[in-house]
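Single-structure report; data block below.
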Amino acid sequence: MQSRWSRRKFLQVAATTTAALGTRSLARADESADDRFAGFQVGMQSYTLRDFKIDRALQEIKNLGLHDVELFDAHFPVRSSDGDIEAMKSKTRALGITMRGHGVNPFTKDHEANRRWFEFAKKAGIKNISADPREDAFDSLDRLVEEYQIRIAIHNHGPGARYDKIVDVLNAIKGHNPLIGACADLGHYIRSGEDPVRAITLFEGRLYGIHLKDFAEQKKATKGVILGRGHLDVVGVFKALKKVNFPEDGELSLEYEENPQDPLPDVRECLAVASEAAKQAAG
């Protein structure tokens with residue numbers, strides 16, 4: 001399948017953006033993140049920067065002109081003390097970054113163990129937990145999302161995972177509290193041979209998270225690529241997000257899995273593509 005963006009088109013966009021805005025940040029001083037992505041709150045899943053310590057990761061997210069983050073446990077452990085949680089809130093606040101989500105986290109039938117994640121999220125001010133719950137976890141989760149008013153967003157992880165196909169997540173959330181929904185990892189849906197845009201449409205009303213990523217091939221073992229160079233219809237993604245009224249306080253996170261020691265040049269290119277696609281979708 002050909003890329004949704006031609007190489008010439010992509011290079012024109014990336015070159016123009018980099019030249020105009022510089023290599024440290026893609027956001028102009030007079031352009032908000034909202035304007036840059038046509039009203040969408042695009043942030044980052046911090047797993048992208050997993051080889052960076054948390055302080056550097058947050059600074060690089062700010063340097064990229066982003067204002068939202070979904071943190072993973074190595075950067076912000078659920079077992080953090082109250083003092084550590086307050087310190088993280090202070091760090092992100094000082095950088096103008098909002099913690100939109102946390103994950104991907106496991107859940108079982110152990111209600112008190114599950115509660116720990118919700119207590120952590122409440123203290124941190126996090127509204128979305130991306131999750132990989134076992135089948136026996138849902139009675140507990142129904143009660144906890146209602147009690148805390150914090151969403152659970154079930155994350156698909158590709159071939160061989162508990163949640164592989166779109167229907168796996170749809171079946172899991174059926175009949176459960178509306179605060180239990182989906183975190184659609186668009187790249188893993190590509191690996192599963194699914195249409196990411198269709199996934200967004202089918203999760204309407206229960207879509208609380210997006211992991212924005214692309215893969216070269218529709219198979220289990222493949223390579224992550226710059227957005228639009230693989231099987232992801234980037235403009236189609238933003239059109240679908242607009243159509244389903246993706247929540248403003250959801251977690252819309254760029255996640256790039258390649259080159260963890262130095263992902264920033266590729267991340268800048270991904271953000272340039274996302275910005276252009278969001279603006280096309282809004283037009």
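Figures for the structure shown
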{"item": "Mean shadow area of the chain over all directions, Cα convex hull, nm²", "result": "13.7"}
{"item": "Gain upon complete extension [Val244, Lys123; 0.36 nm per residue less C-alpha separation]", "result": "40.6 nm"}
{"item": "Probe 1.4 Å, accessible area per residue of the range 100-175, Å²", "result": "44"}
{"item": "Karplus (6.51, -1.76, 1.60) ³J(HN,Hα), θ = phi - 60°, over the range 198-207, in Hz, Gly and Pro reported as x", "result": "4, 4, 4, 5, 5, 8, 3, x, 10, 9"}
{"item": "Viscosity 0.890 mPa s, 25 °C: Kirkwood-radius Stokes-Einstein D of the range 49-192 over Cα pairs, µm²/s", "result": "155"}
{"item": "Between the range 77-150 and the range 225-283, the alpha-carbon center distance in angstrom", "result": "25"}
{"item": "Residues whose placed amide H lies under 5 Å from that of Asp185, excluding near-sequence neighbours", "result": "Asn156, His211"}
{"item": "Eligible lysines near Lys165 by straight Cα distance, threshold 16 Å, same-chain separation 8 or greater", "result": "Lys174, Lys219, Lys220"}
{"item": "Additional length obtainable on full extension of the chain from Arg116 to Arg79, 0.36 nm per residue less Cα span", "result": "12.5 nm"}
{"item": "Full-stretch length increase - Lys279, Lys220 - with 0.36 nm per residue and alpha-carbon distance subtracted", "result": "18.1 nm"}
{"item": "J(HN,Hα) series, the range 253-263, from Karplus relation 6.51 cos²θ - 1.76 cosθ + 1.60, nearest Hz, glycine and proline x", "result": "10, 5, 9, 10, 9, 7, 6, x, 6, 8, x"}
{"item": "Residue-averaged 222 nm ellipticity for the chain, from DSSP H runs of 4+ at -39500 (n - 2.57), nearest 500", "result": "-12500 deg cm²/dmol"}
{"item": "Sequence-distant residues sharing a close amide H with Leu254 (under 5 Å, placed H)", "result": "Gly43, Met44, Gln45, Leu212"}
{"item": "Which listed pairs, of Lys127/Lys213; Lys91/Lys127; Lys239/Lys279, have C-alpha distances above 20 Å, in listed order", "result": "Lys127/Lys213"}
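The values are calculated or read from the model by the stated rules, or taken from the named source; none is laboratory data. Remember, it's a predicted structure, so these values are computed and weren't measured experimentally. Just so you know, the surface numbers come from the protein's heavy atoms only, side chains and all, with ligands and any DNA or RNA stripped out. Shrake-Rupley method; radii C 1.70, N 1.55, O 1.52, S 1.80 Å.
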